[in-house]
Structure formats: C-alpha cells, structure tokens
Amino acid sequence: MNESGRLRVLLADDQPLLRMGFRLILEGEDGLEVVGEASDGADAVRQVGRLDPDVVLMDVRMPTLDGIEATRAITGSGSRARIIILTTFDLDEYAFAGLQAGASAFLLKDVAPAELVQAVRVVASGDAVVAPRVTQRLLETYVRGAGPAAASDGPGTAAPQAAAPAPRDPLLEDLTPRETEMLEAMSEGLSNAEIAHRYFLSEATVKTHVRRILTKLHLRDRVQAVVYAYETGLVTPSNPDY
C-alpha cells in the first residue's frame, strides 16, 4: 500500500482483453490502483521488483515464464507482494502448484467483479483465504496425487505432478496444543470468526494464534499454512469423493 493508502495491483496475463477487463473493474473501486501490466511471467517478475505492488493477479499459463515459476521467483525474492493465481476451472492442478509455489489464493477467470475486488482486499490484508472451502477441495484432490489432469495450453506445457505428503515436520513440535488446533481448523477452511465460535475465543485471540503459527512455521500467510498442513501430513484428505 502506498502513502495514499491505495492498494497497488499488478496484472499478469498474456490476454490483453482480460487485463483490460480486470483493470476497468479494479480502477472503478475506491482504494485500488493498477500500477502495471505484464504479458508473461518474466516481465511480471521484473515489474514486481520495480513497482513493488501489494497484490499480483497472475495467470498460470503464459509464455516465456509461466505463472507458477514467476510466483516461485517472486516469493523467493522476499517480495511482500501477495499473489492470486488466475485459472479457468476450480480443480486445476496448475492452481495447486501455484499455491505450492507461494501464491496466497486462486480465482477463476470468470470471477464476478465484486468477488475480484473482495479477493484483492482480503489477500492484501493477509487475514483470510479466498474461497477457503474451494481451496480445501483443491488441496484434498492434489495432495493425494490423484487429481484430474490439467489441460495443456500447447507443446511443452506439462501439468505439474503433485508430490506425496512429506514426513511430519519437526517445526510442528514448536506449536502449542492450541496452535495445532487452530492450524487444523484453518485447514478445514474455517474463517477467523468460525474458529472463534468453535473454540469460544475472540477473533482478536484467533488472529494472534494465526500470527504465531505463521511465525513459528516460517510461512507467509494462511493459505500457505493450509498447504503446509496437508503436505506435512498434519491434515489428511477427508473426502474420498474429491
């Protein structure tokens, strides 16, 4: 966020009409500013370094450098930018790989304007996961390694393979029993308000627990905590029909 208090957004997609549509939606809202556009992942990485946006809307399938590798480069650089992966269908293996690479959320490209604006604000705040139960469904599908194959955009575009869950991470031992409960609840797709209701806590207390969990596990935000919980085996897929 700049000195004026406006959220700065970078658009990364190889379709000019889609970028134009997103720009028109976002710039029609108070407090949002589109600071740049990129037509491929390599350009997105460069512009993040130059423009320091708060949020990047990142298509997963782009030339030169795809959105997954661009996301990995941006999060690995230490940038504060939060990344929202754009995809064409909800159980997209590329979207899952984008979350693994450090994205904070994903959205369908046909998202309603109000949902797009809300997603940008929510991800910038770091306090919640966009469409948490859809994110949970995506994780349950691909952590098992049995999800449907993602569509290819052309030669050389192979769908990333989901990795088998890793052994239990020793960092989990640093969590208190209450923090472990909080992480498990987050992995169910519960919001702060829902977690507070379940455990008879205030939302402020839940937020404090979430911050401590992220700090102890060296994670960027809530969705990364959920990915971590599935990949380390703390949470296992619960619905065999996914």
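The values are calculated or read from the model by the stated rules, or taken from the named source; none is laboratory data. Keep in mind that what you see is a predicted model, and the values were worked out from it rather than measured. Because the Cβ atoms are built from the backbone with ideal geometry, glycine has one as well, and the counts that use them run over all protein chains shown. To get the accessible areas, we keep the full protein, side chains included, count just its heavy atoms, and leave off ligands, DNA and RNA. Shrake-Rupley method; radii C 1.70, N 1.55, O 1.52, S 1.80 Å.
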Legend entry - Average accessible area per residue (Å²) across region 1-97 - probe 1.4 Å, nucleic acids and ligands excluded: 41
Legend entry - Of the chymotrypsin sites (Phe, Trp or Tyr not before Pro) in region 68-111, those whose Cβ has at most 13 other Cβ within 10 Å and which sit in DSSP loop: Phe89
Inset, instruction - For Leu51 paired with Arg212, estimate the spin-label separation in nm (one decimal), with each label point 7 Å from Cα along the Cα-to-Cβ line. - result: 3.9
Legend entry - Computed over region 1-115, Kirkwood Rh from alpha-carbon pairs, angstrom: 13.8
Inset, instruction - Give the carbon-plus-sulfur fraction of the accessible surface of region 1-129 in %, rounded to a whole number; probe 1.4 Å, heavy atoms of protein chains only. - result: 51
